[in-house]
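Report on the following structure.
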Amino acid sequence: MNSGWVVEHPCPQCGAPVQLSEADRVLSCGFCRVRHLLMAPGFFQFCLPPRIPRDDIFFVPYWHVRGMAFTCAGTAVRFRVIDTSRCASDLAFAPPTLGLRPQAMKLRFAASDQKAFFASRRMEARDLLLNADAWQAVDSLSRREHVWLRELIGENCSAIYAPFYYKNKTFYDAVLDRPVHRIPADERADDLKGSRSPGPSITVVPAMCPQCGWDLEGEKESCVFICRNCESAWESVAGSLKAVSFGIAETGESGVLHVPFWRMQARIDGVSLESFADLVRFANLPRAVRPGFEQQRLSFWAPAFKIKPNVFLRLLQQLIVLQPDLAENTRLKNLNLSAANLPKSEAAESIKIALAGLATRKNEFFPLLEGITVNVTDSRLVYLPFSTSGQDLVQSHFGFSMERSAFDFGRKI
Ligand SMILES: [Zn+2]
Ligand SMILES: [Zn+2]
């Protein structure tokens, strides 16, 4: 993700300042070459520093969210990439968004500060964005028609604390050092009380395999880290590393790129979709339902990487229809692996969107969307091989493709 914000954090090994972006989960020190993983329970919290240090700073939380937004309305699934900030507090003086801030200011991870107060977050990011009013800014067409489902997928969500101070009945933005709100003479100002701490801070651990101690491999924004030594995969869950079940789809082709997807088993309440036969009927696929289809349990698939939302939606649908059932192994050693940067919790949220895209009778299915619940009972990271053909990456077994440019674009979401 490239939001323009730069985060600065000292290397835990040698203390050299390292610059990161907001979504980076790997801290790689250019000085001592040691790599660390950054973990937080839920989301990361940052502070914007005041332009001039003061002893009476009051930090107000904002949500900064960037990701893919999907809207099911009318008989269509619409999508776009969003990048938005919203005030997470209801303090009257605080501007509703972070607006344009000097990009020269460097963010730092939020931590307790005895010279500052932190206002509490009164609203969670998803609640703030996924309500009907806020969504109109995301999808302007939703002003005019009923929206059956709003979903954010693959979003990077961080809390950014912006500094303010109060002087002579006026609230000042301490980044710009400009007044933002004057209190009329006969009124009282908001009471600026908060906590000295913004809540749990980050955990920084060496990028080492918990099983064998070898270097873990991953890109800056990866959510799954690989150990090529003991051939294991790890993801950060609530501040610690947990093993990820994975498989490599076997291929006879050489020189391929292995691209990660989540394969999920799910219990879906509210619509009858258990077997492949159910899917053939649901999506009116041009196939005769054979007896075996009734027994074939349906797997749901989602890219484990960010990509242009139109391609993401197409891949969701293609893979469910294909139901890949390939021989797999777990030999990682010499493979060319593409990074996974979309966690399985996000993949789970894509199941409803996939169904919305596939449903033949959208006018009948969309009103059911809100009442449908999806419980993912099992998930596995499956690497599918792709070869390069001109501007495209082509899947070796099934021949479907994705544009290289859409894939590269996904790294910026
Ligand atoms: Zn260092
Ligand atoms: Zn290992």
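The values are calculated or read from the model by the stated rules, or taken from the named source; none is laboratory data. Only a predicted model underlies this, so the values are computations on that prediction, with no experimental measurement involved. Note that each Cβ is placed from the backbone with ideal geometry, even for glycine, and that neighbours are counted across all protein chains shown.
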* Structure fact -> Being of a type in the set (S, T, N, Q), surrounded by 13 or more Cβ atoms within 10 Å (Cβ to Cβ) and free of Cβ contacts under 8 Å to residues at least 40 places away in the same chain narrows Ser201, Ser272, Ser299 down to just Ser299
* **Test: residue in region 183-194 that is in a strand (DSSP E or B), touching a residue at least 60 places away in the same chain (Cβ under 8 Å) and small (Gly, Ala, Ser)** => no
* To do: Looking only at region 141-164, decide whether some residue is crowded, with 17+ Cβ neighbours inside 10 Å, of a type outside the set (Ser, Thr, Tyr), away from ligand 2 (no atom under 16 Å from the Cβ) and not in a strand (DSSP E or B).
  => no
* **Cross-chain or 6+ apart pairs with Cβ under 9 Å, region 113-138 first and of a type in the set (Phe, Trp, Tyr), then at pLDDT below 85 and assigned to a loop (DSSP other than H, G, I, E, B)** => Phe117/Leu192; Phe117/Lys193; Phe117/Gly194; Phe118/Gly194
* Test: Ala76 is in the same structural domain as Tyr165 (by TED's automatic domain parsing) and either under 20 Å from the mean Cα position of the chain (by Cα) or within 16 Å of ligand 1 (Cβ to nearest atom) (or both) -> no
* Only residues in region 362-391 that are at negative phi count as the first member; pair them with residues that are assigned to a loop (DSSP other than H, G, I, E, B) and acidic (Asp, Glu), Cβ under 9 angstrom, at least 6 apart or cross-chain, and list the lot. => Pro385/Glu250; Pro385/Glu253; Ser387/Glu253
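Quick check: anything in region 204-213 away from ligand 2 (no atom under 16 Å from the Cβ) and either surrounded by fewer than 15 Cβ atoms within 10 Å (Cβ to Cβ) or in a strand (DSSP E or B) (or both)?
From region 204-213, those away from ligand 2 (no atom under 16 Å from the Cβ) are 204; that's our starting set.
Pick out the ones that are also either surrounded by fewer than 15 Cβ atoms within 10 Å (Cβ to Cβ) or in a strand (DSSP E or B) (or both) and you get 204.
Scanning region 204-213, I find at least one residue that is away from ligand 2 (no atom under 16 Å from the Cβ) and either surrounded by fewer than 15 Cβ atoms within 10 Å (Cβ to Cβ) or in a strand (DSSP E or B) (or both), so the answer is yes.
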* Any residue at all in region 98-111 that is surrounded by 20 or more Cβ atoms within 10 Å (Cβ to Cβ) and part of a strand (DSSP E or B)? -> yes
* Structure fact -> Going through (1) farther than 19 Å from Ile57 by Cα; (2) in contact (Cβ under 8 Å) with a residue 60 or more places away in the chain one by one, Leu98 fails only at (1)
* Taking region 26-75, which residues are in a strand (DSSP E or B) and of a type in the set (Phe, Trp, Tyr)? -> Phe44, Phe46, Phe58, Phe59, Tyr62, Trp63, Phe70
* **So Cys223, is it crowded, with 17+ Cβ neighbours inside 10 Å and modelled with pLDDT of 95 or more** => no
* Within the group Ala119, Ala189, which residue is of a type in the set (Gly, Ala, Ser) and surrounded by 17 or more Cβ atoms within 10 Å (Cβ to Cβ)? -> Ala119
* Asked: If you check Arg126 against the conditions, is it closer than 30 Å to Ala340 by Cβ and in a strand (DSSP E or B)?
  -> no
* Residue check: is Asp83 at pLDDT below 95, within 30 Å of Asp190 (Cα to Cα), part of a loop (DSSP other than H, G, I, E, B) and in contact with a strand residue (DSSP E or B) (Cβ under 9 Å, 6 or more places away or on another chain)? -> no
* To do: Select the strands (runs of 3 or more DSSP E) contained entirely in region 348-413, then report the ones holding at least 2 residues which are within 20 Å of Val271 (Cβ to Cβ).
  => 373-389
* Asked: Could you count how many residues in region 215-266 are polar (S, T, N, Q) and assigned to a strand (DSSP E or B)?
  -> 4
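A quick yes/no check of all residues on (1) within 10 Å of ligand 1 (Cβ to nearest atom); (2) not assigned by TED's automatic domain parsing to the domain that holds Asp173; (3) not charged (D, E, K, R):
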position	(1), (2), (3)
Pro12	yes, no, yes
Pro17	yes, no, yes
Leu20	no, no, yes
Asp24	no, no, no
Pro41	no, no, yes
Met68	no, no, yes
* Asked: Does Ala340 meet the test of being over 18 Å from Ala233 (Cα atoms) and either of a type in the set (Gly, Ala, Ser) or assigned to a loop (DSSP other than H, G, I, E, B) (or both)?
  -> no
* Report yes if Ser232 is in contact with a Cys (Cβ under 7 Å, 6 or more places away or on another chain) and either under 30 Å from Gln323 (Cβ atoms) or in the same structural domain as Arg25 (by TED's automatic domain parsing) (or both), otherwise no. => yes
